[in-house]
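Participant: Got a structure here, written out as structure tokens. Questions coming.
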Amino acid sequence: MTSRLTIQERAVAINPTRACAPIGAMLANYGIHGAITINHGSQGCATYPRHQMARHFREPVEVATTSLTEKTTVYGGKQNLLAALKNIWERFHPTMIMVCSTCLSETIGDDIPAIIDEFLDKHPEVTIPILSVKTPSYIGNHTTGFDNFLKELALNLPDRRKKKGETNGKINIIPGWVNPGDIRELKHMLREMGLHGLWITDYSETLDGGYYQPRPHFPRGGTTVEELRSSSKSLATIALQRHVGGEAARIYERRYNVPAYVLTMPIGLRNTDAFVNTLVEITDHSIPEALEVERARLLDALVDTHMYTTGLRVALYGDPDLLEGLVGLIAEMGMTPAYILTAADNRPWGERMVELTEELGVESEIILKGDLHELHKRIKQKPVDLLIGHSKGKFIAEAEKIPLVRVGFPVEDRFGYHRRSIVGYNGAIALVDEITNTIFERRATTIVSNTLVETGVEGPTDIPITLRNGAACHP
Amino acid sequence: MQFKCNQTLPERAIHIAIKGPGGTCQRGDGTACFIANNVATTPGDMTERGCTYAGCRGVVGGPVKDAIQLTHGPIGCAFFSWGYRPHLADSDFHMKYTFVTDMNETNIVFGGEKKLLQSIIEANAEFPDAKAVFVYNTCSTALIGDDGRDVAKQAEAIIGKPVVFFECEGFRGVSQSLGHHIGNETIFRQLVGSVEPEGDFSRSINIIGDYNIKNDIRTFEYLFEALGLRIIARFTGNVSVDDLKIMHKAALNIVHCQRSATYIADMMKEKYGTPYINVTLWGIKNMSKALRDTAAFFGLEARAEEVIAREVARIQPYIDAYRQRLQGKRVFIYQGGPRVWHWIELLRELGMETETAATTFGHTDDYEKIFRQIAEGTLVVDNPNVPEIEEILTRRRPDLFISGNKERYLAYKLGVPFVNGHTYDTGPYAGFVGMVNFARDIDKALHAPVWNILHRHARPAPAAHHASHGFEEVES
């Protein structure tokens, strides 16, 4: 088995898989109870991400903008940011304010930290933390904004005064760019282990809230600023995505002597085992009965479904960390991740994925700097049975009549995916079920690469199966 | 009315007014001056406004079905404006594909002109059937001084088809509104009149300012055709580049959205002498008037009356039935601009009254049209922000909120029935037949059993949000 790494060379991006940095910082900030985001830029830089998040989470998403205009691009946006800070403070009394930048404010060179200092000097009554996060859209992608937020948080919020050996008894968990349902699943695992997690950050309820009468002033849930302050006294930090939170975990280690564990996103059996084993290693707690039962159930699901999944070719696209985790489960299900496409220009990750896929015994093409148009062209050349990724892949799915299993962000054309979990043993079981059921929805003749087809097909399965386009496929 | 949430924002008072006796304007600052509009947003007030790029790419340029929609800028502007607004057409290239020069840090430092030129060439090579390339400029590429106009000219010579460059940087203007204007002006300058077709255009019209949201145009196009008129271009819903090139041949322009598209009607009037009429294509009275006014221009009055009689007879039983169910309901409409005044009469035809009217980017003429139509005591708000909307919903308790997707979930969290007026819950809502859809959606929103369940069974939020984390109860 040999995998290969390719880098898409086209200048124009056609149907990108990724969004830009500010939305990542906004999302992460939603995980802090009572925190408000000010986006320093054009109004669209706040309104577009708000709209996108509302389409995914189906919740009110409120983000302030400094409403920069033509004049401010000449004279700088300082007055607008000062006014926005004052208005947000006086009107909402938030527990924290996060200011994220944009192409516009970065290009005109506004010094946001200095403006925040000036605001705090003028307003001694404001004692809440105000965090500045750099999120120009022309660097990285949406996950970059999330990661930069976590780094700034790790550098600025935790309490630096810590007595020797002082601990809060908790474990910092940085889930990365996941869904509210994923965070709830991770919480469940820690609870079963008898451990206290400190979630950096936790939007499991703020972005998947209930209906209460009356509506609370701030959405329920989220990690509090006080908890985050004490995160320097935790037993360890576990980052569950290398590129979203990995660096923040290392900051905790360097600055506050909190040991860092940077893991692969816990999707599938082995990745989840690694997470559980890390918790065992950190705390000496044993694996509880409940998690053993869930783990056994996942093994059971894998064996029950393997005749329908083994040998299928799958195309995966999305963020590096999600793909790295997913590939584990896909291989465990006996499927071949034929194309693994990400928009990131991250060669070390690509090389690691080549090694990982070879280790898992599957043959993949890993495509960096890729877009969905490129993926579509590959699929036209050599088809796949299944697409796995966010909603924007639906155009390929429709054109090629290939089913799409929706994971990642955004899922805007279906309901409730933000509530689902794909992490942990339970998340893996749910995903195994969904993938298998999606395959069941297909007619046997459209399975292009399987040597084993689902019920309803008579006769031996090693004969060539006719493809949609009339060609024959020799498995 | 004084908003509690505006105690520390006195500058918002001039954007809020109530219609007083005799049609007077009782403004929030205590004066009788007219409501302030189309000015810069107060920073940090949690506005719902978008940017100039959004108005140009999302509203005016985006619906053109056979143009390559290329954003010159970083990835986010293109990703977020891709595929969510249902400006449908009889093909879906414009919905399915988005193109972006994907500016990175190096491009920002060294300039993006080369990448733009290469992107246009590559995009055209990938999709040779496209009829034009629409290039939208963004904040960052404008600030670094890329000469996109010049690149567009070079590219045009290379690919042999129009490359239309929109200078719609997000920071220009105070809202999406300027983006509409730029979209109009650019399309007019670069495309309209570039082809001179042969034939008789004496009975032809353009529909100006309708974006075919969920196929709105299908609800009235056949009515104009039934008068014996030919539609050349729909600016810009279900329209091709070729249609735009010859739209100057029309005998009459029919202007629907009078905020985002009167610009091109004015320009055509000035340059080609094309007259235009303003119409509302929603609701029985207004749709009928639109057909009558159009028919009068062409001397087709008798035919118009036939069409109107036939169509109204078709829907009247449904409207009567819905009116009985909707009678007396009070509505808060918050839309981008003109839809507010387009719908006041439609809602009355369904037995409902507008109790608050707000727009994101309305200008003075929009607010004048609102004031003319609303009843005494109606609240009008310009560019309302999130806390203001929340206060209107909780203090004035309208029976129904008609707004857009961003505001939907706020309404739901406050237990207020909601209909999506931007992109429609079902739709289409225009024309005679669309009004039945609109009425049905309003009826569904108002009478769904969920509201009874919420009002009877909802409980207050558990006090300490920490407890929800669960780990407090665990023994370690």
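Participant: Can you give the FRET efficiency for A:VAL293 and B:ASP92, using 1/(1 + (r/R0)^6), R0 = 56 Å, r = Cβ-Cβ distance, to the nearest 0.05?
Facilitator: That gives a FRET efficiency of 0.70.
Participant: Then there is this: So for segment B:1-141: antiparallel DSSP bridges make up what percent, rounded to the nearest 5?
Facilitator: Just about 25 percent of them are antiparallel.
Participant: Taking every pair of alpha-carbon atoms in segment A:140-207, what share in percent sits in each 10 Å bin, from 0 to the bin with the longest distance?
Facilitator: For segment A:140-207, the binned pair fractions read 17, 43, 32, 8 percent.
Participant: Averaged over all directions, how much area does the convex hull of the C-alpha atoms of segment B:114-270 cover when projected, in nm²?
Facilitator: Over all viewing directions, segment B:114-270 projects a mean Cα-hull area of 10.5 nm².
Participant: Okay, next question. Which order results if A:THR357, A:THR224 are arranged by neighbouring Cβ count within 10 Å, fewest first?
Facilitator: The order, fewest Cβ neighbours first, is A:THR224, A:THR357.
Participant: Rounded, prolate or oblate, given the Cα gyration tensor of segment A:158-259, with a/c below 1.5 counting as rounded?
Facilitator: Judged from the Cα gyration tensor, segment A:158-259 comes out prolate (a/c at least 1.5, a/b above b/c).
Participant: Taking a ≥ b ≥ c as the square roots of the eigenvalues of the Cα gyration tensor of segment B:344-466, is the shape rounded (a/c under 1.5), prolate (a/b larger than b/c) or oblate?
Facilitator: oblate
Participant: Given the options A:ILE171, A:ALA25, A:SER231, identify the residue whose Cα lies farthest towards the positive end of the charge dipole of chain A (+1 on Cβ of Lys, Arg; -1 on Cβ of Asp, Glu).
Facilitator: Going by the charge dipole, the pick is A:ALA25.
Participant: Mind ranking B:406-417, B:250-261 by how tightly packed they are, going by the mean number of other C-beta atoms within 10 angstrom, highest first?
Facilitator: Result, highest mean first: B:250-261, B:406-417.
Participant: Something else: Counting only Cα atoms, I'd like the Rg/Rh figure for chain A, Kirkwood definition for Rh.
Facilitator: 0.99
Participant: To continue, here is another question. Figure the gain on full extension for B:TYR318 and B:VAL195 (residue separation times 0.36 nm, minus the Cα-Cα span) and round it to one decimal in nm.
Facilitator: 39.7 nm
Participant: Right, here's the next one. I need two numbers for segment A:87-215: Rg to one decimal and Dmax as a whole number, Cα atoms only, in Å.
Facilitator: Both quantities, over Cα of segment A:87-215: 17.7, 51 Å.
Participant: Which listed residue (A:SER42, B:ASN206, A:LEU104) has the Cα farthest towards the positive end of the charge dipole for the protein assembly as shown, taking +1 on Lys and Arg C-beta and -1 on Asp and Glu C-beta about the Cα centre?
Facilitator: Positive-most Cα among the choices belongs to B:ASN206.
Participant: Roughly speaking, what is the stretch gain from B:LYS161 to B:ARG440, that is 0.36 nm per residue apart minus the C-alpha to C-alpha distance, in nm to one decimal?
Facilitator: My answer for the length gained is 95.9 nm.
Participant: Hey, what did segment B:191-297 get for relative contact order, percent, Cα under 8 Å, at least 6 apart?
Facilitator: 29
Participant: Give the Debye-formula value of log10 I(q)/I(0) at each listed q (0.05 Å⁻¹), with one equal scatterer per alpha carbon of the protein assembly as shown, two decimals each.
Facilitator: At q = 0.05 Å⁻¹ the computed log10 ratios are -0.30.
Participant: First obtain the Kirkwood hydrodynamic radius of segment B:78-195 from its Cα pairs, then insert it into the Stokes-Einstein equation at 25 °C and 0.890 mPa s, and state the resulting D in µm² per second as a whole number.
Facilitator: Calculated translational D: 161 µm²/s.
Participant: About the Cα centre of the protein assembly as shown, what is the dipole size in debye to 20, counting +1 per Lys and Arg Cβ and -1 per Asp and Glu Cβ, all else neutral?
Facilitator: 1640
Participant: Taking the 0 to 90 degree range and rounding to the nearest ten, how far is the long axis of helix A:320-332 tilted relative to the main principal axis of chain A, both from C-alpha atoms?
Facilitator: Taking Cα atoms only, the helix is inclined about 30 degrees.
Participant: Moving to a separate point now. Can you give me the pair-distance distribution of segment B:1-117, C-alpha pairs, 5 Å bins, whole percents?
Facilitator: Distribution as computed: 2, 9, 15, 13, 11, 10, 11, 9, 10, 7, 3, 1, 0 percent.
Participant: Shifting gears a bit: Taking neighbour Cβ counts within 10 Å as the exposure measure, how do A:PHE275, B:PHE171 sort from fewest upward?
Facilitator: A:PHE275, B:PHE171
Participant: Measuring from label point to label point, each 7 Å out along Cα→Cβ, what is the B:ALA296 to A:ASP413 span in nm?
Facilitator: Once both label points are built, they end up 4.6 nm from each other.
Participant: Once you've got the Cα coordinates, tell me which of A:LYS71/A:LYS134; A:LYS382/B:LYS65; A:LYS377/B:LYS131 are over 25 Å apart.
Facilitator: Beyond 25 Å between Cα atoms: A:LYS382/B:LYS65.
Participant: Give me B:ASP147, B:ASP102 sorted ascending by neighbouring Cβ count inside 10 Å, so fewest comes first.
Facilitator: The fewest-first ordering by Cβ neighbours comes to B:ASP147, B:ASP102.
Participant: Any of A:LYS164/A:LYS187; B:LYS114/B:LYS245; B:LYS245/B:LYS289; B:LYS96/B:LYS214; A:LYS369/B:LYS115; A:LYS369/A:LYS394 with alpha carbons more than 24 Å apart? Name them for me.
Facilitator: A:LYS164/A:LYS187; B:LYS114/B:LYS245; B:LYS245/B:LYS289
Participant: For segment A:297-370, max minus min Cα coordinate along each principal axis, in Å, sorted largest first?
Facilitator: 38, 20, 20
Participant: At 0.36 nm per residue, and after removing the present C-alpha to C-alpha distance, how many nm does the segment from A:ARG352 to A:ASP273 gain when stretched out fully?
Facilitator: Gain on stretching A:ARG352 to A:ASP273: 26.4 nm.
Participant: Considering Cα pairs under 8 angstrom that are at least six residues apart, work out the relative contact order of chain A and quote it in whole percent.
Facilitator: Value for chain A: 18 percent.
Participant: In segment A:211-248, whose amide N lies under 13 Å from the spot 7 Å out along Cα-to-Cβ of A:THR167? List them in ranges.
Facilitator: A:233-237
Participant: Based on DSSP, what percent of beta bridges with both residues in chain A are antiparallel, to the nearest 5?
Facilitator: 5
Participant: Which FRET efficiency value, to the nearest 0.05, is calculated for B:GLU376 and B:LYS4 with the Förster distance at 30 angstrom and r the Cβ-Cβ distance?
Facilitator: About 0.80, to the nearest 0.05.
Participant: For segment B:320-371, how big is Rg over Rh, using alpha carbon atoms and the Kirkwood form of Rh?
Facilitator: 1.03
Participant: Further question on the same structure: By its C-alpha gyration tensor, with a ≥ b ≥ c as the square roots of the eigenvalues, how is segment A:64-111 shaped: rounded for a/c under 1.5, else prolate for a/b larger than b/c, else oblate?
Facilitator: It is prolate, given that a/c is not under 1.5 and a/b is the larger ratio.
Participant: Aspartates and glutamates near A:LYS163 by alpha-carbon distance under 15 Å, same-chain residues fewer than 8 away left out - which ones?
Facilitator: none
Participant: Hey, another quick one. In the neighborhood of A:GLY416, defined by Cβ-to-Cβ distances under 10 Å, what is the net charge if each Lys or Arg adds +1 and each Asp or Glu adds -1?
Facilitator: My count for the surroundings of A:GLY416 gives +3.
Participant: Can I ask one more? I need the Debye-formula profile for segment B:76-133: one equal scatterer per C-alpha, no solvent, reported as log10 I(q)/I(0) at q = 0.13 1/Å, two decimals.
Facilitator: The Cα Debye sum returns log10 ratios of -0.43.
Participant: While we're here: For B:ARG203 paired with B:THR31, estimate the spin-label separation in nm (one decimal), with each label point 7 Å from Cα along the Cα-to-Cβ line.
Facilitator: 5.4
Participant: Considering only the protein assembly as shown, what is the antiparallel percent among its DSSP beta bridges, to the nearest 5?
Facilitator: Of the beta bridges lying entirely in the protein assembly as shown, close to 15 percent run antiparallel.
Participant: Charges only on Cβ, +1 for Lys and Arg, -1 for Asp and Glu: so what's the dipole of chain B about the Cα centre, in debye to the nearest 20?
Facilitator: Rounded to the nearest 20 debye, it is 1140 debye.
Participant: Using R₀ = 45 Å, calculate the FRET efficiency as 1/(1 + (r/R₀)^6) where r is the Cβ-Cβ separation of B:ARG459 and B:VAL39; round to 0.05.
Facilitator: With R0 = 45 Å, the Cβ-Cβ based efficiency is 0.55.
Participant: Another question about this same structure. About its Cα centre, what dipole magnitude does segment B:1-101 give when the only charges are +1 on Lys and Arg Cβ and -1 on Asp and Glu Cβ, stated in debye to the nearest 20?
Facilitator: In debye, rounded to 20, segment B:1-101 gives about 160.
Participant: Which residues in segment A:166-204 place their backbone N less than 11 Å from a point set 7 Å from the Cα of A:ASN257 along the Cα-to-Cβ direction?
Facilitator: Counting only backbone N, you get A:166-167.
Participant: Quick check of the Kirkwood formula: for segment A:1-102, what is the inverse mean of 1/r over all pairs of different Cα atoms, in Å?
Facilitator: With all distinct Cα pairs of segment A:1-102 included, I get 15.6 Å.
Participant: Starting with the highest mean, order A:113-120, A:263-270, B:71-78 by the number of other Cβ atoms within 10 Å, averaged over the residues of each peptide.
Facilitator: B:71-78, A:263-270, A:113-120
Participant: Return the inverse of the average 1/r over all pairs of distinct C-alpha atoms in segment A:288-440, which is the Kirkwood hydrodynamic radius, in Å to one decimal.
Facilitator: Final number for the Kirkwood radius of segment A:288-440 is 15.8 Å.
Participant: Based on the Cα atoms of segment B:281-430, what semi-axes does the equivalent ellipsoid have, where each is the square root of 5 times one gyration tensor eigenvalue, given in whole Å with the largest first?
Facilitator: 30, 18, 13
Participant: Just checking chain B: which Cys have no other cysteine's beta-carbon under 4.7 Å?
Facilitator: B:CYS5, B:CYS25, B:CYS33, B:CYS51, B:CYS77, B:CYS139, B:CYS257
Participant: Which semi-axis lengths, in whole Å and largest first, follow from the square roots of five times the eigenvalues of the Cα gyration tensor of chain B?
Facilitator: That gives 37, 32, 21 Å for the three semi-axes.
Participant: Kindly rank A:122-131, A:7-16, B:235-244, B:84-93 from highest to lowest mean number of other beta carbons found within 10 Å of each residue.
Facilitator: B:235-244, A:7-16, B:84-93, A:122-131
Participant: In whole percent, what relative contact order does segment B:1-132 give with Cα contacts below 8 Å and a gap of six or more residues?
Facilitator: The value is 17 percent.
Participant: Testing the spin-label approximation: label points 7 Å from Cα along Cα→Cβ at B:GLU306 and A:TYR75. State their distance in nm.
Facilitator: Here the modelled spin labels are 6.4 nm apart.
No value in this document is a laboratory result; all are computed from the given coordinates. Since this is a predicted model, take the numbers as computed values, not measurements. A quick note on method: Cβ atoms are made from the backbone with ideal geometry, for glycine too, and the neighbour counts reach across all protein chains shown.
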